[in-house]
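No lab work stands behind these numbers, since they all come straight from the coordinates. Since the structure is predicted, the reported quantities are computational estimates derived from the model, not experimental observations. Cβ: placed from backbone, ideal geometry, glycine included. Neighbour counts: every protein chain shown.
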Amino acid sequence: KQEVTQIPAALSVPEGENLVLNCSFTDSAIYNLQWFRQDPGKGLTSLLLIQSSQREQTSGRLNASLDKSSGRSTLYIAASQPGDSATYLCAVSPGNTPLVFGKGTRLSVIA
Amino acid sequence: DTGVSQNPRHKITKRGQNVTFRCDPISEHNRLYWYRQTLGQGPEFLTYFQNEAQLEKSRLLSDRFSAERPKGSFSTLEIQRTEQGDSAMYLCASSSSPEKLFFGSGTQLSVL
């Protein structure tokens, strides 16, 4: 059974810092990996999707990497801003089956 | 607004009552998913439709839960005889491929 773990569970940083969120998964046979953002009491917004054949994806200040063989992904956020404060969720797709999510990392960026 | 729409946004009910939630997916999406999320946890898969066919159900979906998607358009999720443990955010997502899911804002259920 696929399990997804995210470390740290919570993170607080001053504005302007670069930061890294970590995600690990137990079964390397994945179809793709996605990073989502969730604001309190809201739904999820997809940030980046990495196919299993890819190593990384970039969108603005966000960069996600994937090392499928070791079962790891990182989300790098450059020059963090207070508006980045949210919960970041990692999810893997085992194939033609539903996404499996981690518990998320709750990020607070302090002005 | 062409996003995924969920109603109601919030529902407070007493234990033992039945509740029904509705999800309107993005119109051209043939896949529809229901997830449940409790505080501090990631979303957990409940069930999945492709068009009107319910193709997969999680073991989390007890016999008190039923989901439908008539005509392959909107979907409803009904919980009968609600229990306090059913309190959670119920999230709906739709997609046109297995790859990218678009989520609604969710329905927050509180069972008193």
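Ordering B:Ile12, A:Ser70, A:Ile7 by the projection of their Cα atoms onto the charge dipole of the protein assembly as shown, which places +1 on the Cβ of Lys and Arg and -1 on the Cβ of Asp and Glu, puts B:Ile12 at the extreme positive end.
Modelled this way, with points 7 Å down the Cα-to-C-beta line, the labels at A:Glu3 and B:Ile26 are 3.3 nm from one another. For A:Leu66, what charge total do you get from the other residues with a beta carbon under 9 Å from its beta carbon, if Lys and Arg give +1 and Asp and Glu give -1? Taking every Cβ under 9 Å from that of A:Leu66, the sum is +1. Within straight-line reach of B:Lys71, meaning a Cα separation under 15 Å, sit the following aspartates and glutamates at least 8 residues removed in sequence or on another chain: B:Asp24, B:Glu28, B:Glu52. Among B:Arg9, B:Arg22, the order by Cβ neighbours within 10 angstrom, fewest to most, reads B:Arg9, B:Arg22.
About its Cα centre, chain A has a charge dipole of approximately 200 debye under the convention of +1 per Lys or Arg Cβ and -1 per Asp or Glu Cβ, with nothing else charged. Computing FRET efficiency as 1/(1 + (r/R0)^6) for B:Asp63 and B:Thr13, where r is the C-beta to C-beta distance and R0 is 25 Å, gives about 0.85.
Would you work out if the range B:65-112 is rounded, prolate or oblate? Take a ≥ b ≥ c from the square roots of the eigenvalues of the alpha-carbon gyration tensor; rounded if a/c is under 1.5, else prolate when a/b is larger than b/c, oblate otherwise. Note, shape of the range B:65-112 comes out oblate. Across the options B:His29, B:Ser58, B:Phe74, the greatest Cα extent toward the positive end of the charge dipole of the range B:1-91 (unit charges at beta carbon of Lys, Arg, Asp, Glu) belongs to B:Ser58. Centre-to-centre separation between the Cα atoms of the range A:1-27 and those of the range A:68-100: 8 Å.
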